[in-house]
Amino acid sequence: MTESITITDNRTGESVEIPILNGGVDSGGWAKLLGNVWFSDDAFSHTAIGESSITQIVGAEGILRYRGYPIEQLALRSTYLEVAYLLLFGELPTPDQFDGWRDEITHHTYIHENFRKRFMESFRYDAHPMGVLVSSLAALSTYYPEAKDIEDPEVRMRQIVRLIAKVPTMAAAAHRFSIGMPFVYPDNDLDFTSNFLSMMFRVAEPRYHCHPAVRRALEILFILHADHSQNCSTTTARVVGSAHADPYSVVAAACAALYGPRHGGANEAVLAMLRDIGSYENVDPFIADVKAGKCRLMGFGHRVYKNYDPRARIIKEAADEVFQLAGRSPLLDIALKLEEVALADEYFISRRLYPNVDFYSGLIYEALKFPTNMFTVLFAIPRTAGWLAHWSEMLERSSRISRPRQLYVGHPERDYVPMAERTPSA
Ligand code: ACO
């Protein structure tokens with residue numbers, strides 16, 4: 001038997017029965033009965049933007065799966081590039097498919113010299129790398145005018161490859177410029193993650209060698225951040241993409257949303273918060289301030305997870321190995337204490353606030369020697385695959401342009417008053 005709901009319009013007594021399909025009810029049934037009555041849901045808390053077969057989250061149980069594969073298995077056994085393939089194509093690649101995919105990505109890592117020198121290096125010397133990345137992504141669309149042809153699957157795939165391949169290069173370029181170091185060209189003999197580390201950190205050595213534990217930790221972080229269903233930035237990508245903007249503009253818009261401290265910017269904000277707290281003894285007064293509404297405990301809470309974010313658990317485990325190598329950060333002790341106090345406190349328990357992915361990711365990034373202003377960039381690099389997977393999926397399903405309604409609560413009609421006759425409003 002199909003499950004359904006029945007809505008009755010008490011003004012007319014008319015009813016409509018709407019089937020519940022895949023956990024949702026189609027707004028078409030609602031519209032048939034209620035015409036110009038809009039469903040009010042200002043932060044889309046109860047609105048499904050569409051169907052998707054990419055990422056499944058069961059928030060209450062702390063479950064996250066990409067294309068059906070549990071995140072824990074992927075973090076343990078996969079690589080970012082393989083996960084990107086999985087997100088985009090729906091299946092894990094065979095060895096031949098993976099070789100082809102890696103080859104494609106590897107051969108698109110270079111960015112146009114003119115683009116780097118004339119555009120990227122024209123920012124102020126201390127520009128935030130996330131601001132540089134957002135602008136550079138948008139500017140890249142001018143280098144690939146064919147990208148506007150979003151109806152052609154081959155053209156689309158070419159831009160997807162370019163974006164996944166070039167984002168790390170642009171990210172590293174933004175960092176090197178901000179610290180006054182020369183740009184490091186991509187090294188096509190290195191894997192995706194090692195190549196990024198090389199572009200970030202290589203100085204004068206002929207080839208950059210990273211510790212396998214460092215490479216693996218970053219790989220895990222890339223896997224964990226690759227997608228997360230309809231988060232703020234992915235929804236932005238879908239909304240902008242629904243207007244048929246080119247994929248560079250789509251990813252730039254998504255990246256701008258990620259920049260916000262409530263979203264991807266939270267990892268940077270967590271570190272700032274931990275530094276502000278400064279010592280173990282200040283944890284309790286800080287929690288009191290949070291409860292008094294003076295500030296938020298950054299890295300805690302999630303719209304979907306009302307349980308421990310599975311990514312936070314994996315990161316916490318991965319952190320141990322990194323800290324063994326890099327030495328334990330005093331900020332980690334503050335974070336652990338914060339978590340302990342918060343998880344035992346009625347304020348956080350009753351609101352079901354748990355650590356999210358960003359609570360520990362910044363600490364690992366710091367131990368891996370990334371500057372704080374690169375943390376959100378480190379999120380954007382792998383999330384590019386997720387944004388593009390959703391963009392492709394949406395276009396393949398030929399969605400309509402996103403265009404929500406509003407509930408107008410402004411003035412009713414009134415007449416224009418000449419300026420000299422106006423009185424100041426309250
Ligand atoms: N610290 C203190 N209180 C919080 C926190 C927090 N981090 N998060 C939510 N609350 C409280 C709210 O004040 C509210 O309390 P109230 O009912 O008394 O008013 C209640 O919990 C519900 O909060 P909402 O803001 O309605 O929750 P929402 O789902 O809209 O927000 C969000 C989710 C934005 C992630 C929020 O929890 C937050 O701001 N967290 C801190 C920032 C952060 O870590 N962001 C990263 C999220 S993961 C990611 O984007 C990758």
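Using protein chains only and a probe of 1.4 angstrom, how many square angstrom of residue 219 are accessible, to the nearest 10?
Residue 219 exposes around 10 Å² with every protein chain in place.
Just want to confirm a number: the relative contact order over the stretch 220-287, from Cα pairs under 8 angstrom separated by 6+ residues, in percent. Can you show the working numbers first?
Values: 35 pairs, mean separation 15.0, N = 68.
Over the stretch 220-287, the number comes to 22 percent.
I need the semi-axes of the equivalent ellipsoid of the stretch 26-92: take the C-alpha gyration tensor, multiply each eigenvalue by 5, square-root it, list largest first in whole angstrom. Before the final figure, lay out each step's value.
Values: eigenvalues 240, 37, 16 Å².
Largest first, the stretch 26-92 gives 35, 14, 9 Å.
Please report the base-10 log of the normalised intensity I(q)/I(0) for the stretch 169-270, using a Debye sum with one equal scatterer per alpha carbon and no solvent, at each q in 0.13, 0.21 (1/Å).
Rounded to two decimals, the profile gives -0.62, -1.17.
Within 10 Å of each candidate Cβ there may be at most 12 other Cβ atoms; applying that plus a DSSP loop requirement, which trypsin sites (Lys or Arg not before Pro) in the stretch 348-393 survive?
Working: sites: 351, 352, 369, 383; in loops: 351, 352, 369.
Within the stretch 348-393, the qualifying trypsin sites (Lys or Arg not before Pro) (loop, at most 12 other Cβ atoms within 10 Å) are 351, 369.
Percent of Cα-Cα pairs more than 27 Å apart in the chain, please.
Values: 51717 of 90525 pairs.
Here the tail beyond 27 Å accounts for 57 percent of pairs.
Averaged across orientations, what area in nm² does the convex hull of the alpha carbons in the stretch 6-60 project? Don't jump to the answer; show the numbers that get you there.
Details: hull surface 20.0 nm².
Projected area, direction-averaged: 5.0 nm².
If you filter the stretch 75-124 for chymotrypsin sites (Phe, Trp or Tyr not before Pro), then keep DSSP loop positions with at most 15 other Cβ within 10 Å, what is left? Mind showing how you got there, number by number?
On the way: sites: 80, 85, 89, 98, 101, 110, 115, 119, 123; in loops: 110, 123.
The qualifying sites are 110.
Report the net charge of residues surrounding residue 6, where surrounding means a beta-carbon distance below 15 angstrom and charges are Lys +1, Arg +1, Asp -1, Glu -1.
Details: positive: 32; negative: 3, 9, 14, 17, 26.
So the surrounding residues net to -4.
Using heavy-atom solvent-accessible surface (probe 1.4 Å) with all chains present, what is the largest-first order of 248, 308? Before the final figure, lay out the partial values.
On the way: 248 0, 308 25 Å².
From most accessible down to least: 308, 248.
Which value, in Å² rounded to 10, gives the accessible area of residue 274 with a 1.4 Å probe and all protein chains present?
In the full protein context, residue 274 sits at about 0 Å².
Excluding residues fewer than 8 places away in the same chain, name every one of the aspartates and glutamates whose C-alpha is closer than 13 Å to that of residue 166.
Answer for residue 166, where 13 Å is the Cα cut-off: 104, 113, 187, listed by chain and number.
Could you look at the stretch 214-262 and say what percent of its accessible area is carbon and sulfur, using a 1.4 Å probe and all protein chains?
Working: 840 of 1320 Å².
Carbon and sulfur atoms account for 63 percent of the accessible area of the stretch 214-262.
Largest first, how would 26, 9 line up by accessible area (1.4 Å probe)? Intermediate results must be reported in sequence, preceding the final value.
Values: 26 105, 9 15 Å².
Final ranking, largest accessible area leading: 26, 9.
Where a ≥ b ≥ c are the square roots of the eigenvalues of the C-alpha gyration tensor, would you call the stretch 298-344 rounded, which needs a/c under 1.5, or, failing that, prolate if a/b is larger than b/c, or oblate? Write out the running numbers ahead of the final one.
On the way: a/c = 2.86, a/b = 1.56, b/c = 1.83.
It comes out oblate by the Cα gyration axes.
Peptides 397-409, 166-178, 232-244, 33-45: what's the order by average Cβ count within 10 Å, highest mean first?
Details: 397-409: 9.5, 166-178: 23.5, 232-244: 21.3, 33-45: 11.1.
Descending mean neighbour count gives 166-178, 232-244, 33-45, 397-409.
Can you pull the Rg over Rh of the stretch 218-280, Cα-only, Kirkwood? List each step's numbers first, then the result.
Details: Rg = 14.8 Å, Rh = 13.2 Å.
Radius of gyration over Kirkwood radius for the stretch 218-280 works out to 1.12.
Could you please state, rounded to a whole Å, how far the C-alpha centre of the stretch 236-255 is from the C-alpha centre of the stretch 1-28?
If you average the Cα positions of each part, the centres end up 33 Å apart.
Please report the spacing between the Cα centers of the stretch 316-389 and the stretch 196-226 in Å, no decimals.
18
Over the stretch 1-149, with the other protein chains present, what is the accessible area per residue in square angstrom, probe 1.4 angstrom?
Values: 9150 Å² over 149 residues.
Result: 61 Å² of accessible area for each residue.
Sorted from largest to smallest, which semi-axis lengths in Å does the alpha carbon gyration tensor of the stretch 72-228 give for its equivalent ellipsoid, taking the root of 5 times each eigenvalue? Walk me through the numbers before you get to the answer.
Details: eigenvalues 124, 95, 38 Å².
Square roots of five times the eigenvalues give 25, 22, 14 Å.
Between residue 409 and residue 98, what FRET efficiency follows from the Cβ-Cβ distance if R0 is 51 Å, with the result rounded to 0.05? Could the numbers behind the result be given before it?
Numbers: r = 54 Å, r/R0 = 1.06.
About 0.40, to the nearest 0.05.
Take each of the peptides 193-199, 412-418, average the number of other beta-carbon atoms within 10 Å over its residues, and list them starting from the highest.
With the highest mean Cβ count within 10 Å placed first, the list reads 193-199, 412-418.
Among the listed pairs 291/369; 316/369; 306/369; 291/316, which have their C-alpha atoms separated by more than 22 angstrom in this model?
Working: 291/369 33 Å; 316/369 17 Å; 306/369 32 Å; 291/316 25 Å.
Violating the 22 Å Cα-Cα cut-off are 291/369; 306/369; 291/316.
If you fit an axis through the alpha-carbon atoms of helix 357-367 and take the longest principal axis of the Cα set of the chain, what angle between them do you get, 0 to 90°, nearest 10?
It works out to around 20 degrees.
Defining a contact as two alpha carbons under 8 Å apart and six or more residues distant in sequence, what relative contact order in percent does the chain show? Can you show the working numbers first?
Numbers: 565 pairs, mean separation 86.2, N = 426.
Averaging sequence separation for qualifying contacts and normalising by length gives 20 percent for the chain.
So what is the relative contact order of the stretch 104-208, in percent, for Cα pairs below 8 Å that sit 6 or more residues apart?
Numbers: 97 pairs, mean separation 35.1, N = 105.
Reported relative contact order: 33 percent.
The values are calculated or read from the model by the stated rules, or taken from the named source; none is laboratory data. For clarity, every value in this text was computed on a predicted model and none was experimentally measured. Note: ideal-geometry Cβ built from the backbone for every residue, glycine included; neighbour counts use all protein chains shown. Ligands, DNA and RNA are stripped out before the accessible areas are found, and what is left, the full protein with its side chains, is counted by its heavy atoms. Shrake-Rupley method; radii C 1.70, N 1.55, O 1.52, S 1.80 Å.
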